[in-house]
Amino acid sequence: TIFVVKKGEVEVLHTVGGDALASMEWIRAGDVLGIRALFPPYRYLSTARSLTDGTLLEIDIVKLRELFPQDSKLAVSILENSSRSILGRIASLRGRL
């Protein structure tokens, strides 16, 4: 499952050294949570915490990927947007390091 944040802000936490959780990124309205599940090995595990009241749109990633061979425009659009989002997040993380 991936989630589109329709409203609100979500903090994504990852395990860093043992059991400690560290805040790694913030997902805002219009962003996708779990976007890495679109790419092999099709797994993504994180802890998310809502920072504000919000609304999420849940998307079954397996069913979405099954649509890609049937609709190449959909596949290209989602993959282009996903790539831009991932590159933006990498740049943001680099800036905080």
Residue pairs qualifying under the 6 Å Cβ cut-off, at least six apart or on distinct chains, with the first in the range 63-78 being of a type outside the set (Phe, Trp, Tyr) and the second being not in a helix (DSSP H, G or I), are Ala75/Phe68
If we keep only residues of the range 18-33 that are within 16 Å of Ile90 (Cβ to Cβ), open to solvent by 50 Å² or more (accessible area, probe 1.4 Å) and in a strand (DSSP E or B), then the residue modelled with the lowest pLDDT is Met24
A careful count of residues in the range 1-46 that are among the hydroxyl-bearing types (Ser, Thr, Tyr) and in contact with a Lys or Arg (Cβ under 6 Å, 6 or more places away or on another chain) gives 1
Picking from Ser92, Ser82, the residue that is among the hydroxyl-bearing types (Ser, Thr, Tyr), free of Cβ contacts under 8 Å to residues at least 60 places away in the same chain and in a helix (DSSP H, G or I) would be Ser82
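Residues to consider are Thr55, Thr15, Thr1; find the one that is out of contact with any Gly (no Cβ under 8 Å at 6 or more places or on another chain), of a type in the set (Ser, Thr, Tyr) and open to solvent by 60 Å² or more (accessible area, probe 1.4 Å).
Details: Thr55 fails: out of contact with any Gly (no Cβ under 8 Å at 6 or more places or on another chain); Thr1 fails: out of contact with any Gly (no Cβ under 8 Å at 6 or more places or on another chain).
Going through Thr55, Thr15, Thr1 in turn, the sole match is Thr15.
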When the range 52-61 is checked residue by residue, the ones that are part of a strand (DSSP E or B), out of contact with any Lys or Arg (no Cβ under 7 Å at 6 or more places or on another chain) and aliphatic (A, V, I, L, M) are Ile59
Residues of the range 1-44 being in contact with an Asp or Glu (Cβ under 9 Å, 6 or more places away or on another chain) and under 14 Å from Leu64 (Cα atoms), in sequence order, are Thr1, Ile2, Phe3, Val4
Just one listed residue, out of Arg49, Arg65, Arg36, is open to solvent by 50 Å² or more (accessible area, probe 1.4 Å), among the charged types (D, E, K, R) and part of a strand (DSSP E or B), and it is Arg49
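The values are calculated or read from the model by the stated rules, or taken from the named source; none is laboratory data. Everything quoted here is computed from the prediction, not taken from an experiment. Cβ: placed from backbone, ideal geometry, glycine included. Neighbour counts: every protein chain shown. When the accessible area is computed, the model is the full protein with side chains, heavy atoms only, and any ligands, DNA or RNA have been set aside. Shrake-Rupley method; radii C 1.70, N 1.55, O 1.52, S 1.80 Å.
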